[in-house]
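Notes follow once the structure below has been shown.
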Amino acid sequence: MSDVINTGHSTPTLALPSRGRGRSAQSLKTVESLVEAGLVPEASGLDAVAQKYAIAITPTIAALIDPSDPNDPIARQFVPELAELVTTPDERADPIGDLTHSPVEGIVHRYPDRVLLKAVHVCPVYCRFCFRREMVGPQGLGTLAPAAMDAAFAYIAAHEEIWEVILTGGDPLVLSPRRLSAIMERLADIAHVKVVRFHTRVPVVEPERVDSALIAALKASGKTTYLALHANHPRELTGAASGAIARLVDAGVVMLSQSVLLKGVNDDVETLAALMRGFVENRVKPYYLHHPDLAPGTSHFRIGIAEGQALVAALRGRISGLCQPTYILDIPGGHGKADIGASSIAANGDGCFSVRDFRGVEHRYPPEV
Ligand code: SF4
């Protein structure tokens, strides 16, 4: 198999920094290519990981990795590790229950007013903590065939309660502008769909892909386009990523962020604050900070929920309200998302409440007169 990512869109050759030996200008998709790029040692034993879970690192991400840092937070997200071979009893292949809420292939209908449309299960990078790691990649669920796509659009058209369609997968922005336009044209014909949201890592991991043709393909007459950008560390917001984001926002695409709280990547207040501020400075509104899902072989990324709550509470006292994400847990089994940030209010039992301020000081509400 070629180790060049094939997403139906040419990957330009990029000039990479001289760091690391033999850096490739193509996406790295095999253990051999990671060894050649100096990102993993020879005889790493990672072939067993590669047989289970897809690998892909774009030139942009490869150039961001500091191979001299054994704890590099970018490498940790994308370079495979032997720890992925350890599956704990609470982990599961479909951690958020996509399959139990899939009425037709490619559609997940979990909440009344919105559906996921999973047109493709290919990504430009494969995150080592991915919650859909059993579904994405060359051995994953693939791309929806034309008949399945017809059935998915028929389902959306037949359910008038569907106000929002969320294109995810996989990363929908690996599709060519022609295919994205075809999807948007079909959604444009469904009057009750008002909002189309894309979940993607592309502006960060392959920013050169965000050109005028791709941006035009994300828009459709009568629909509002949102784009949720997945990034987890402030170093991902490079100048090239900022340029791609600016092109999208200037074209009228509303942007939100989604991040995953990951041990060894962003589980400290300084990193999270820099990430959220970076989003806001780029006109991306912080939206969700996900507690990591119980995907197989990902326990080395998870911190405790109490620790996550403390981090989110510390953010509240430190940075602007514009920069605050909602800390979210997808309840295993497909029961949907829950806001798991620690509450700052509790009933006193006398009809009044105790409210905690950002310094941790409790106040009675309403105040005593
Ligand atoms: S881009 Fe999203 S779907 Fe693809 S591997 Fe990363 S987390 Fe999974």
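Below are the figures for this structure:
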| read-out | value |
| --- | --- |
| Single residue of segment 122-148 satisfying the filter (open to solvent by 30 Å² or more (accessible area, probe 1.4 Å) and either touching a helix residue (DSSP H, G or I) at 6+ places or on another chain (Cβ under 9 Å) or not in a helix (DSSP H, G or I) (or both)) that is farthest from Pro73 (Cα to Cα) | Ala145 |
| Filtered residue count, segment 139-173, keeping only those that are more than 16 Å from the ligand (Cβ to nearest atom), aliphatic (A, V, I, L, M) and either under 19 Å from the mean Cα position of the chain (by Cα) or not assigned by the TED database to the domain that holds Phe301 (or both) | 1 |
| Pick from segment 124-138, criterion near the ligand (Cβ under 7 Å from one of its atoms) and charged (D, E, K, R), ranking: nearest to the chain's Cα centre (by Cα) | Arg132 |
| Residue match in segment 111-119 (condition: of a type in the set (Phe, Trp, Tyr) and more than 16 Å from the ligand (Cβ to nearest atom)) | yes |
| Cβ pairs under 6 Å, 6+ apart, first in segment 343-365 and under 20 Å from Ala306 (Cβ atoms), second small (Gly, Ala, Ser) and outside any strand (DSSP E or B) | Arg356/Ser344; Phe358/Gly317 |
| Matching residues in segment 68-83 - criterion: being within 13 Å of the ligand (Cβ to nearest atom) and in contact with a helix residue (DSSP H, G or I) (Cβ under 8 Å, 6 or more places away or on another chain) | Phe78, Pro80 |
| Strands (runs of 3 or more DSSP E) lying entirely in segment 222-332 (those with 2 or more residues that are of a type in the set (A, V, I, L, M, F, W, C)) | 224-230, 254-260, 326-330 |
| Every residue from segment 47-96 that is open to solvent by less than 40 Å² (accessible area, probe 1.4 Å) and either touching a His at 6+ places or on another chain (Cβ under 7 Å) or without any contact (Cβ under 8 Å) to a residue 24 or more places away in the chain (or both) | Asp72, Pro73, Ile74, Ala83 |
| Residue in segment 228-246 that is most open to solvent (accessible area, probe 1.4 Å), counting only those that are out of contact with any helix residue (DSSP H, G or I) (no Cβ under 6 Å at 6 or more places or on another chain) and over 22 Å from Arg128 (Cα atoms) | Gly239 |
| Among the residues listed as Pro103, Pro112, the single one being in contact with a strand residue (DSSP E or B) (Cβ under 8 Å, 6 or more places away or on another chain), open to solvent by 40 Å² or more (accessible area, probe 1.4 Å) and over 15 Å from Leu167 (Cβ atoms) | Pro103 |
| Members of segment 305-352 found to be touching a helix residue (DSSP H, G or I) at 6+ places or on another chain (Cβ under 6 Å) and among the hydroxyl-bearing types (Ser, Thr, Tyr), listed by number | Tyr327 |
| Residue match in segment 198-219 (condition: in contact (Cβ under 8 Å) with a residue 60 or more places away in the chain, within 16 Å of the ligand (Cβ to nearest atom), open to solvent by 40 Å² or more (accessible area, probe 1.4 Å) and of a type outside the set (Gly, Ala, Ser)) | no |
| Close pairs from segment 122-135: first closer than 15 Å to Pro59 by Cα, partner near the ligand (Cβ under 7 Å from one of its atoms) and among the acidic types (Asp, Glu), Cβ under 7 Å, at least 6 apart | Cys123/Asp171; Pro124/Asp171 |
| Segment 161-187 residues that are under 19 Å from Val210 (Cα atoms) and in contact (Cβ under 8 Å) with a residue 40 or more places away in the chain, paired with ones that are polar (S, T, N, Q) and within 13 Å of the ligand (Cβ to nearest atom) (beta carbon under 7 Å, 6 or more apart) | Asp171/Thr200; Pro172/Thr200; Leu173/Thr200; Val174/Thr7 |
| Within segment 305-324, considering residues that are touching a residue at least 24 places away in the same chain (Cβ under 8 Å) and within 25 Å of Arg92 (Cβ to Cβ), the one least open to solvent (accessible area, probe 1.4 Å) | Gly308 |
| Residues located in segment 316-369, provided they are among the hydroxyl-bearing types (Ser, Thr, Tyr) and under 30 Å from Pro112 (Cα atoms) | Thr326, Tyr327, Ser343, Ser344 |
| Ala191 assigned to a loop (DSSP other than H, G, I, E, B), surrounded by fewer than 23 Cβ atoms within 10 Å (Cβ to Cβ), modelled with pLDDT of 95 or more and away from the ligand (no atom under 16 Å from the Cβ) | yes |
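The values are calculated or read from the model by the stated rules, or taken from the named source; none is laboratory data. What you see is a predicted model, and the numbers here were worked out from it, not measured in a lab. Note: ideal-geometry Cβ built from the backbone for every residue, glycine included; neighbour counts use all protein chains shown. Side chains included, ligands, DNA and RNA excluded: accessible areas come from the protein's heavy atoms. Shrake-Rupley method; radii C 1.70, N 1.55, O 1.52, S 1.80 Å.
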